[in-house]
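Asker: Following this message is one structure expressed as structure tokens.
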There are 2 protein chains.
Amino acid sequence: MDRKEQIQKIRAFNRFYTDLIGLLDNQLLHSDYSLAEARIFYEIVMGKSISASDIIAKLNIDKGYLSRILKKFEKQGLLCKEPSKSDARIAYLSLTAAGLQVFKGLDRASDEQIRHLVDRLDEQKVIELVGHMKSIFTILSPSEV
Amino acid sequence: MDRKEQIQKIRAFNRFYTDLIGLLDNQLLHSDYSLAEARIFYEIVMGKSISASDIIAKLNIDKGYLSRILKKFEKQGLLCKEPSKSDARIAYLSLTAAGLQVFKGLDRASDEQIRHLVDRLDEQKVIELVGHMKSIFTILSPSEV
DNA sequence: TTATTTTAGTTGACAAAGTCAACTAAAATT
DNA sequence: AATTTTAGTTGACTTTGTCAACTAAAATAA
């Protein structure tokens, strides 16, 4: 299998996996929050003392777009901005109790999605699946695109 | 590793891979065609005597949206619709010479993207990568979400 | 056969998602 | 002190995608 063929295989996998994730997401997306919003929730919950810029860097999202989403979250009482003591330009983001509830709902729905995907496989297959994913991550992860 | 943990790992991989594909696509998307449009070109080129409905089914795309995209392609002289002899509701889609040129351009750019991603890996790693992808495909492929 | 339902595709109206540039204010650099 | 950079906001806009109503043809039922 030469390089050209390998590239074709990788692209075929990408199409397959894009479609799969698209299907999963589509189901999810009948919540009140978009995919981008769900990812933002996730980053806020996971990142300790995370700022808007951090999210911009992590998710490759437009800063204006993010600004508006955060403003909406704030207005909905889901998000709390705490200005940095040392740099007045920065605000650290965290979810309120209500925001955390929303996040948990989205998180549970995502879990359910995957659980459903995986439920029809027997245990051994799932173990293999996770192994392959880990390997792909390891091979592709370290450096940037 | 219990089921809960497996689900977390799979979701982590999905985030990782979504980001990766997103980065690749973003670069691509500075062509004149959107991701959806690129996929539509692809389906038309690959599918013999493919109709709009076939694409709708394959790509989970809204029929109104597709209709407009196809109309645009037609207006740009990229697409040819040939009405089915046996069913006047259906038109079979194919690319014109100009359309094929556009497709080839997009296709080459996609190849380049992947080639670049893979270039920094040594041959053995690429072989492994493709193997893992094939395995994931095999495990997840047969049934539907 | 006619009546009804389904399928393929189009169109209008709209909403959601994302982009771009101009701007303010603070911090860092020269 | 002057200039540049960084963080974030805002307005104006484009692109992308959705939904429902519609036409015409085909399939199915009566």
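The values are calculated or read from the model by the stated rules, or taken from the named source; none is laboratory data. Since the structure is predicted, the reported quantities are computational estimates derived from the model, not experimental observations. Every residue, glycine among them, receives a Cβ derived from its backbone with ideal geometry; neighbour counts consider all protein chains shown.
Asker: With the requirement that a residue be at pLDDT 95 or above and in contact with a Leu (Cβ under 6 Å, 6 or more places away or on another chain), what does the stretch A:110-145 give you?
Answerer: A:Ile139
Asker: For the stretch A:38-51, check the following and say yes or no: at least one residue is farther than 17 Å from A:Asp107 by Cα and within 10 Å of DNA strand D (Cβ to nearest atom). Before you say what the answer is, go through the steps one by one.
Answerer: At the first step, the residues of the stretch A:38-51 found to be farther than 17 Å from A:Asp107 by Cα are A:48-51.
Imposing the further condition that a residue be within 10 Å of DNA strand D (Cβ to nearest atom) reduces the set to A:50-51.
Yes.
Asker: Tell me whether the stretch A:121-135 contains one or more residues that are surrounded by 15 or more Cβ atoms within 10 Å (Cβ to Cβ), of a type in the set (Val, Ile, Thr) and more than 21 Å from the chain's Cα centre (by Cα).
Answerer: Yes - at least one qualifying residue is present in the stretch A:121-135.
Asker: Please identify the pairs in which a residue from the stretch B:74-87 that is without any contact (Cβ under 8 Å) to a residue 60 or more places away in the chain has its Cβ atom under 6 Å from the Cβ atom of a residue that is β-branched (Val, Ile, Thr) and within 15 Å of DNA strand D (Cβ to nearest atom), counting only partners at least 6 apart or on another chain.
Answerer: These pairs meet every condition: B:Leu78/B:Val102; B:Ser84/B:Ile90.
Asker: Continuing with the same structure: Can you pull out the residues in the stretch B:69-89 that are within 10 Å of DNA strand C (Cβ to nearest atom), out of contact with any Lys or Arg (no Cβ under 9 Å at 6 or more places or on another chain) and closer than 23 Å to A:Arg15 by Cα?
Answerer: B:Ile69
Asker: Return the residue satisfying two criteria in turn: it lies in the stretch B:45-57 and is at pLDDT 95 or above and within 12 Å of DNA strand C (Cβ to nearest atom), and of such residues it is nearest to the chain's Cα centre (by Cα).
Answerer: Filtering the stretch B:45-57 for residues at pLDDT 95 or above gives B:45-46, B:50-57.
Imposing the further condition that a residue be within 12 Å of DNA strand C (Cβ to nearest atom) reduces the set to B:50-57.
Numbers: B:Ile50: 15, B:Ser51: 16, B:Ala52: 15, B:Ser53: 16, B:Asp54: 14, B:Ile55: 11, B:Ile56: 13, B:Ala57: 13 Å.
That would be B:Ile55.
Asker: Sort out for me the helices (runs of 4 or more DSSP H) sitting completely within the stretch B:28-141 that have 1 or more residues that are touching a helix residue (DSSP H, G or I) at 6+ places or on another chain (Cβ under 9 Å) and within 11 Å of chain A (Cβ to nearest Cβ).
Answerer: Numbers: elements: B:35-46, B:52-59, B:63-75, B:97-119, B:123-140.
Result: B:35-46, B:52-59, B:97-119, B:123-140.
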